Amino acid sequence: MDLSELERDNTGRCRLSSPVPPVCLKEPCVLGVDEAGRGPVLGPMVYAICYCPLSRLEDLEALKVADSKTLSESERDRLFAKMEEDGDFVGWALDVLSPNLISTSMLGRVKYNLNALSHDTATGLVQFALDQGVNVAQVFVDTVGLPETYQERLQQRFPGIEVARDQAVKNWKFVEKLQDLDTDYGSGYPNDPKTKAWLRKHVDPVFGFPQFVRFSWRTAQSILETEAEDVKWEDSETGDQEGPGKIKSYFSESPQTCLRLPHRYFQERGLESATVL
């Protein structure tokens, strides 16, 4: 990737892009939008698009592309190099938004918050692809803010494009055999009343939530605490043990007078020390 333009001036916005594959000018294409660097206090925020013909999705999957957070830096570099080699059917473009641009936008007299900046950047990249002649038929976006608002905005701007924001959610295949399954679960965000109502309806008092639910989130945990049954592990021996001593006790020469609780990893899995095999 040629970063010379960014290196010349990294105080504003810089757009980089690949050549458009000829096949993307003719065949209907799917385009994905995502960002990196939205949360950090240091460095730029980068929005990117990647597109290919719908007929070549299997070829794209064969490259073993995945969520960047699940890949190491070397794997990401390898994938990008492979995409560059396969430039006959894959194209990309990105916007690099400098920390200076982000800060001055958010702190200016006319406020331009990060959500609005993100929306406009994503929309601008989709428009850039269209201006380059890419035959965009579907758009997948990683939403910022309320998903419905984001989807409506994109569909108004690009009425001829199917915005597949949450196609995976709507077509989710539940591994559990649930009775009276209601798929109207709202936006999926914790503050959505419809989502909360769906969670309460589909919590099992013994088995908890379907795998569709991120049960580690506080919203789900709160419902489990009020709607589900308490579980007591009768074979656990940690209940009669006293808690760990003061921090000074770890540096004392005298022997410990109380048993320490095992690490949470062992408690959660019911693992105990074995003295006899």
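The values are calculated or read from the model by the stated rules, or taken from the named source; none is laboratory data. As the structure is a computational prediction, the values presented were derived from the model and not from experiment. Neighbour counts run over all protein chains shown; Cβ positions are idealised from the backbone, glycine included. Please note that ligands, DNA and RNA were not included when accessible areas were found on the heavy atoms of the full protein model with its side chains. Shrake-Rupley method; radii C 1.70, N 1.55, O 1.52, S 1.80 Å.
If I filter segment 239-252 for residues that are at pLDDT 75 or above and not small (Gly, Ala, Ser), do I get at least one hit? Before you say what the answer is, go through the steps one by one.
The first filter runs over segment 239-252 and keeps only residues at pLDDT 75 or above, leaving none.
No: segment 239-252 contains no residue that is at pLDDT 75 or above and not small (Gly, Ala, Ser).
Report every pair of residues separated by at least 6 positions or lying on different chains whose Cβ atoms are under 9 Å apart, first residue within segment 98-122 and closer than 16 Å to Gly43 by Cβ and touching a residue at least 24 places away in the same chain (Cβ under 8 Å), second surrounded by fewer than 12 Cβ atoms within 10 Å (Cβ to Cβ) and among the hydrophobic types (A, V, I, L, M, F, W, C).
Pro99/Val41; Pro99/Leu42
Exactly one of these conditions fails for Ala129: (1) on the phi < 0 side of the Ramachandran plot; (2) outside any helix (DSSP H, G or I); (3) open to solvent by less than 40 Å² (accessible area, probe 1.4 Å). Give me its number.
The number of the failed condition is (2).
With respect to the numbered conditions (1) in a loop (DSSP other than H, G, I, E, B); (2) over 20 Å from Leu125 (Cα atoms); (3) open to solvent by less than 80 Å² (accessible area, probe 1.4 Å); (4) touching an Asp or Glu at 6+ places or on another chain (Cβ under 9 Å), which one is the sole condition not fulfilled by Phe89?
(2)
Taking segment 14-27 on its own, how many of its residues are farther than 10 Å from Leu94 by Cα and open to solvent by 40 Å² or more (accessible area, probe 1.4 Å)?
Applying the first criterion (farther than 10 Å from Leu94 by Cα) to segment 14-27 yields 19-27.
Right, trim to open to solvent by 40 Å² or more (accessible area, probe 1.4 Å) and you get 19, 22, 25-27.
Summing the residues that are farther than 10 Å from Leu94 by Cα and open to solvent by 40 Å² or more (accessible area, probe 1.4 Å) in segment 14-27 gives 5.
Are there any pairs, at least 6 apart or on different chains, whose C-beta atoms fall under 9 Å, with the first in segment 252-277 and assigned to a loop (DSSP other than H, G, I, E, B) and the second of a type in the set (D, E, K, R) and at pLDDT 70 or above, and if so, which?
That search, which allows pairs on different chains as well, returns Pro262/Glu272.
Can you spot a residue in segment 55-75 that is open to solvent by less than 30 Å² (accessible area, probe 1.4 Å), within 27 Å of Phe158 (Cα to Cα) and hydroxyl-bearing (Ser, Thr, Tyr)?
No, there is no match, as no residue in segment 55-75 is open to solvent by less than 30 Å² (accessible area, probe 1.4 Å), within 27 Å of Phe158 (Cα to Cα) and hydroxyl-bearing (Ser, Thr, Tyr).
Which condition breaks for Val30 when tested against (1) open to solvent by 90 Å² or more (accessible area, probe 1.4 Å); (2) in contact with a strand residue (DSSP E or B) (Cβ under 6 Å, 6 or more places away or on another chain)?
Result: Val30 fails condition (1) only.
Every residue in segment 137-146 that is surrounded by fewer than 21 Cβ atoms within 10 Å (Cβ to Cβ) and either modelled with pLDDT of 90 or more or not in a loop (DSSP other than H, G, I, E, B) (or both), please.
Ala137, Gln138, Phe140 - these are the residues of segment 137-146 that are surrounded by fewer than 21 Cβ atoms within 10 Å (Cβ to Cβ) and either modelled with pLDDT of 90 or more or not in a loop (DSSP other than H, G, I, E, B) (or both).
Scan segment 8-28 and report the pairs whose first residue is more than 15 Å from Arg56 (Cβ to Cβ) and among the hydrophobic types (A, V, I, L, M, F, W, C) and whose second residue is outside any helix (DSSP H, G or I) and open to solvent by less than 40 Å² (accessible area, probe 1.4 Å), with Cβ atoms within less than 6 Å and a gap of 6+ or a chain change.
Cys14/Val96; Leu16/Leu94
Answer with yes or no whether Phe174 is within 30 Å of Ala122 (Cα to Cα) and either open to solvent by less than 70 Å² (accessible area, probe 1.4 Å) or modelled with pLDDT of 85 or more (or both).
On the way: within 30 Å of Ala122 (Cα to Cα): no; either open to solvent by less than 70 Å² (accessible area, probe 1.4 Å) or modelled with pLDDT of 85 or more (or both): yes.
So Phe174 does not fit the description; no.
I'd like the residue in segment 190-215 that is open to solvent by less than 80 Å² (accessible area, probe 1.4 Å) and modelled with pLDDT under 80 and, out of all such residues, is nearest to Lys177 (Cα to Cα).
Phe212
Quick one: which residue in Ser103, Ser68 is among the polar types (S, T, N, Q), within 22 Å of the chain's Cα centre (by Cα) and either under 28 Å from Gly12 (Cβ atoms) or modelled with pLDDT under 90 (or both)? Step through it out loud before you land on a result.
Working: Ser103 fails: within 22 Å of the chain's Cα centre (by Cα).
Only one candidate qualifies: Ser68.
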